[in-house]
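A.B. asks: Just passing along the structure, written as structure tokens.
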Amino acid sequence: MRFFDGFHAGFMFFQALNCLVLLTWLGLSIAALLGLRKKHIGETARVLWTLVILIVPIMGAVSFWIVNPKDESTQDQSVG
């Protein structure tokens, strides 16, 4: 189906889908980075998680929420 001026309905659908994916990536990334900011973890882990969240679109943020790194103060420090 053609709209006025030669735009196709399929083109408009894929552009809307592309915008939705972009907004989802931005929203999840911002939420994951804010969640990461509240965690009490080491600097190396924080930098690695930040890189994963920013470099791997959508799956980086989702993996952060799935793995859900624990705070260093709550980890078991026992030996053996």
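A.B. asks: Please give the number of the condition residue 24 fails out of (1) in contact with a His (Cβ under 9 Å, 6 or more places away or on another chain); (2) at pLDDT 90 or above.
C.D. replies: (1)
A.B. asks: Quick check on residue 76: is it touching a His at 6+ places or on another chain (Cβ under 6 Å) and modelled with pLDDT under 90? Before you say what the answer is, go through the steps one by one.
C.D. replies: Working: touching a His at 6+ places or on another chain (Cβ under 6 Å): no; modelled with pLDDT under 90: yes.
When the stated conditions are applied, residue 76 does not pass them.
A.B. asks: For residues that are under 22 Å from residue 21 (Cβ atoms) and outside any helix (DSSP H, G or I), scanning just segment 32-68, find the one that is modelled with the lowest pLDDT.
C.D. replies: 57
A.B. asks: Next question, about the same structure. Give the residue that is nearest to the chain's Cα centre (by Cα), with candidates limited to residues of segment 19-39 that are under 18 Å from residue 69 (Cα atoms) and loosely packed, with under 11 Cβ neighbours inside 10 Å.
C.D. replies: As a first pass, look at segment 19-39 and keep what is under 18 Å from residue 69 (Cα atoms): 28-39.
So of that shortlist, the ones also loosely packed, with under 11 Cβ neighbours inside 10 Å come out as 34, 37-38.
Numbers: 34: 11, 37: 14, 38: 16 Å.
Restricting to residues being under 18 Å from residue 69 (Cα atoms) and loosely packed, with under 11 Cβ neighbours inside 10 Å, the top hit is 34.
A.B. asks: Further question on the same structure: Does residue 44 count as over 16 Å from the mean Cα position of the chain (by Cα) and of a type in the set (Ser, Thr, Tyr)? First the steps, then the outcome.
C.D. replies: Details: over 16 Å from the mean Cα position of the chain (by Cα): yes; of a type in the set (Ser, Thr, Tyr): yes.
It is true that residue 44 is over 16 Å from the mean Cα position of the chain (by Cα) and of a type in the set (Ser, Thr, Tyr).
A.B. asks: Between a residue in segment 17-40 that is farther than 17 Å from residue 55 by Cα and any residue that is of a type in the set (Ser, Thr, Tyr) and loosely packed, with under 10 Cβ neighbours inside 10 Å, which pairs come within a Cβ distance under 8 Å, given they are 6 or more apart or on different chains?
C.D. replies: Within 8 Å, the pairs are 40/73.
The values are calculated or read from the model by the stated rules, or taken from the named source; none is laboratory data. The shown structure was predicted, so the numbers you read here are calculated from the model rather than taken from an experiment. Neighbour counts are summed over all protein chains in view; Cβ atoms, including those assigned to glycine, are modelled from backbone coordinates with ideal geometry.
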